[in-house]
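For reference, the structure is listed below as structure tokens.
Any read-out appearing in this document is the output of simple, stated calculations on the displayed coordinates, not a laboratory observation. Since this is a predicted model, take the numbers as computed values, not measurements. Positions of Cβ are generated from backbone atoms using ideal geometry, with glycine treated the same way; all protein chains shown enter the neighbour counts.
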Amino acid sequence: MQKSIEPGLLYIFRYFTGVAVLYFAILTSYSALAAQSNSAQQTLSLINLGTNLLLFIYLSIPWLQRQLKRVYLPLALCLYTGLTVFSNVIYLFEPGTNSTTMIVNSWELVPILLIPLVLISWQYSFRYVLLFILFTNGTELFIMYLTIREINYATLPILGLPIIHAFAFGVVGFIIERLMDIQRQQKHRLLMTNIQLGQYANTLDHLVTSRERNRLARELHDTLAHTLSGVAVNLEAIKTMISPEQQEVAVMLDHSLAATRLGLEETRRALQDLRAQPLEDLGYPLAIRNLAQALTDRDGIATTIDIEPDLPVLPPDIEQSLYRITQEAVENITRHAEARHVSLELKKTGNQIELTISDDGNGFNPKESPMDSHFGLSDMRERAAIIGAKLNIDSHPGKGTTVHLMWEKINDQDLDL
């Protein structure tokens, strides 16, 4: 009984109790005015009126549902069923009750109990339907037997009524429960198909993006990179042609040559980022390890790397986002942090993939908008949001920075149908 209430079930329950309140209010008023009405009939009408009015108020207060949570619907069903059964067997204790009265009242109980039967079959499994049948028809059969006190050819048809009702209730409950189970399975398959379509769309989008990145990389390599290389060669040639007396020109050439080489280096780095070959060739665990290892090899920063072995293969868009967020964090450390030590941890906990990157550098205030834009934090948050991951950036001036990302895989059993 831990799953959420089926859509529309409470509305149907509340609608029925509202109609029942009007019916029993009219019946009670008529019984009170009728000269020949008996006390049992009046008591029965009053109990049914009170029960349905109480349930109508109960089902009309959302606050109760929020407070009671899982017991909200079972409590209403148990209250309705219990009071209905016991109020409708009062006639058995009325003096002068005959077989005709028993048969009529027994059949009058059937449509009243059909509503909770349908609701229980709609919401819960068949074993709860069997409990409902056992309680309602077993109670009626037991009290009938106490009233008749003998089993013979004349009383057997009367005592058999609850058994007939139990069989009919079982058939109805089984059919409804099976139909609901089939509907849930269809909803589950539809939801899983939608998830798979979303993954296929992400994979296709990743493929298109990769092809476009490779095309841009080729274009930049054939144009900008070659142009900057040619400019650098020409500047070197011009530098050899000037006379020693032209020191100012030589200094200007040195500055221009340094700027050209820096631009060429940045262009090559951008080309490498566009292609993202390490991720495609090595997989995300090793590609992320290489990004962290580059801090030691290139910048001389002590790095502690803890990547759990045998990490699962992830959808391409998830791997791409993990790699890009790590790349951005490493780039921030290289350019801004002035850190002496960096630690990177990548692990799997249950259905979660967790990535943590910490440094002991300068730190900053992540709430300041200019710094957010400068450090590319908005891009990191955007990438995390796209894949449904949680990204937390904890940093304070002079106390270093910690980037923590957590992505959770959705399992079939986590889907609330």
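Would you please give the residues with an amide H less than 5 Å from that of Ile301, counting only those at least 5 places away or on a separate chain, with H modeled from the backbone geometry?
Counting only residues 5 or more places away or on other chains, the set is Thr296.
Where does the Debye-calculated log10 I(q)/I(0) of the chain sit at q = 0.11 Å⁻¹, using only Cα point scatterers of equal weight, no solvent?
The Debye formula, applied to the Cα set alone, gives -0.93.
Can you tell me, using C-alpha contacts under 8 Å and at least 6 residues apart, the relative contact order of region 222-363 as a whole percent?
RCO, region 222-363: 19 percent.
Note down the nm distance, to one decimal, between modelled labels 7 Å out along Cα→Cβ at Tyr11 and at Tyr30.
Modelled inter-label distance: 3.1 nm.
Per the Kirkwood treatment, what hydrodynamic radius in Å, one decimal, follows for region 281-417 from the mean inverse distance over all distinct Cα pairs?
When all Cα pairs of region 281-417 are included, the Kirkwood radius is 15.4 Å.
So what's the back-of-envelope 222 nm ellipticity for the chain, counting only DSSP H runs of four-plus at -39500 (n - 2.57) apiece and dividing by all residues, rounded to 500?
After summing the helix terms and dividing by the residues of the chain, the value is -23500 deg cm²/dmol.
For a quick check: sort Asp254, Asp359 by the number of other beta carbons within 10 angstrom, fewest at the front.
Result, fewest neighbours first: Asp254, Asp359.
Going by C-beta contacts inside 10 Å, put Glu140, Glu245, Glu108 in order with the fewest on the left.
Glu245, Glu108, Glu140
Helix check for the chain. Which DSSP H runs span at least 15 Å along their own axis by Cα, with a mean Kyte-Doolittle hydropathy no less than 1.0?
9-33, 39-59, 72-87, 99-123, 126-148
Applying the Karplus parametrisation 6.51 cos²θ - 1.76 cosθ + 1.60 with θ = phi - 60° to the phi angles of region 307-314, what ³J(HN,Hα) value in whole Hz is obtained for each residue in order, glycine and proline being reported as x?
10, 5, x, 6, 5, x, 6, 10
Which values, in whole Å and largest first, are the semi-axes of the equivalent ellipsoid of region 9-197 obtained as the square root of 5 times each eigenvalue of the Cα gyration tensor?
That gives 35, 23, 12 Å for the three semi-axes.
From the cross-link list Lys69/Lys187; Lys187/Lys348; Lys347/Lys390, which pairs have alpha carbons spaced over 21 Å apart?
Violating the 21 Å Cα-Cα cut-off are Lys69/Lys187; Lys187/Lys348.
Search the structure for amide H atoms under 5 Å from the amide H of Ile307, placed 1.01 Å from N in the peptide plane, and list their residues when 5 or more places away or on another chain.
Leu346
Between Lys409 and Trp107, what is 0.36 nm times their sequence separation minus the Cα-Cα distance? Round to one decimal in nm.
103.4 nm
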